[in-house]
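Data block below; observations after.
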Amino acid sequence: MAIEHTFLPVLLGDEMNAYGMARAFYESYGVKPLALNHTNMEKIQQSDLLTFREVPRLHIEERFVIALKAIAEEFAGKKLLLLACDEFYVKKIVQHKEELAEYFVIPYVDAELANELLTRESMYELCAKFDFHYPAMHVCTVNDYEGFDIPFEYPVVIKPLNMTKYATCIFPGKKKVYIAKDNDEKDAIFHAIYKESAYRDDIMVQQYIPGEDAHMCVVNAYVGQDRKVKLLSVGNPILEEHSPEGIGRYVAIMTAYDKELMDRVKLFLEEIRFQGFATFDMKYDERDGQYKLLSIELHNELSNYYVTASGHNLMQYVADDFIRGSKQQLTYVQNKHLWTIVPNGVLFKYVQNEQLVIEAKSLIRQGMATDSIFNYKDMNAKRWLNITLDNLSFYRQYKKYFNNKGLSN
């Protein structure tokens, strides 16, 4: 049952990320966040943990601030905590932070630092000063890709950098991310993106780090408005999504503990005077025994719920800090927990490390596992049916697409 509060979380963007954040807010405070997007988000409309509202043209520059001011006027009696659920809306919020701060509580850094962290080249340059390693990369444009010779060995990762525009493109063989094994496959991928679709923004080409899904590592941090780190958690993603539209998205994470890595992330965030949420995606490189930094995100993914599931509610950290003004001590998450959104049958079959499968089964038996989508406390007939159909589709997707990351399907 929702409890009336003096504050209201306002969530912008991706529906499944919004659901994970809404569940965390509801579990901590009994508050139902308001989720906004410029498109209809059918799946989360069935949830009783949030209120969804479609705001036409919210993503359009001339409309963005005006629409949010109207929301602020509607809920004038509440403190409104504005949070982005995807990178697009992070950029919109920080771009208009000064205008919006009159109406909303905004737990993000200013645009200059945000853009530095969200742009690969500048982010890598900054992180290198703090001894973070990263794979070699190059950014291609529509004007120079045809004459581009890769200065590092194959295979390589190829990824469009403007995912908002790329999402609207339709062409044969489209995937969120590609792995090209040779020059011919690289050329075919570039041709498909730039010649067979309307995409004209930049594309990143990056050295591929070998290894299965379980070589991935994610570090989640919350940094208070005093610019001090309050929470650090390390997760080992043991399985990723492999469908064309979801390649690389985590579907199962097991908590881990790495004090040295946590200390390095803490130092970095405090030295750059960061605040809010940060997610560091890395991959372990067996060739030199180093974690290679892939990206830093400032929004919460659905998979970030693994931190909340382990007993450290991420949304409680931001609300207690910015709304309640509570003092918070530094916490390094150490307890073991499994987070997943796929059926156990998929998990046990496609996690390639047998020891991790054994550990996952043990955590499930002990009741130390959480599916953030299949939530018994948020269930009705229509939601149950859709979740069941989604779970069945995971079996089909993995059978068809597992480890197929080239141009062909």
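Just so it is clear, none of the values below were taken in a lab; they were calculated from the coordinates. From a predicted model like this one, the values you see are computed outputs, not experimental measurements. Cβ placement follows ideal geometry from the backbone for every residue including glycine, while neighbour counts extend to all protein chains displayed.
What does the C-alpha gyration tensor say about the overall shape of the chain? Classify as rounded when a/c is under 1.5, otherwise prolate if a/b is larger than b/c, or oblate. Rounded, because the longest to shortest axis ratio a/c is under 1.5. Using the Karplus relation 6.51 cos²θ - 1.76 cosθ + 1.60 with θ = phi - 60°, the per-residue 3J(HN,Hα) values for segment 115-123 come to 5, 5, 7, 8, 9, 4, 4, 6, 5 Hz, with x marking Gly and Pro. Highest-first packing order for the peptide set 378-388, 334-344 is 334-344, 378-388, based on the mean count of other beta carbon atoms within 10 Å.
For Thr370, the residues whose amide H sits under 5 Å from its own are Leu338, Trp339, Thr340, ignoring neighbours fewer than 5 places away on the same chain, with H placed 1.01 Å from N. Residue-wise HN-Hα couplings along segment 161-177, as the Karplus relation 6.51 cos²θ - 1.76 cosθ + 1.60 with θ = phi - 60° gives them from phi, are 8, 9, 5, 5, 6, 5, 4, 8, 7, 10, 6, x, x, 4, 9, 5, 9 Hz; Gly and Pro carry x. Looking at the square roots a ≥ b ≥ c of the eigenvalues of the Cα gyration tensor of segment 279-409, which shape do they give, rounded for a/c under 1.5, prolate if a/b is larger than b/c, or oblate? Here segment 279-409 falls in the oblate category.
Ranked by the mean number of other Cβ atoms within 10 Å of their residues, highest first, the peptides 198-209, 83-94 fall in the order 83-94, 198-209.
Relative protection proxy for 145-152, 185-192, from highest mean packing down: 185-192, 145-152 (other beta-carbon atoms within 10 angstrom). In sequence order, segment 196-210 has phi-based couplings of 9, 9, 8, 5, 10, 7, 6, 10, 9, 10, 9, 4, 7, 9, x Hz under the Karplus curve 6.51 cos²θ - 1.76 cosθ + 1.60, θ = phi - 60°, and Gly or Pro positions carry x. Under a 5 Å amide H cut-off, with hydrogens placed 1.01 Å from N, Val251 pairs with Leu239, Glu240, Glu241 among residues at least 5 apart or on other chains.
Near the amide H of Val105, within less than 5 Å, lie the amide hydrogens of Leu80, Leu81, Leu82, all on another chain or at least 5 residues away, with H placed in the peptide plane.
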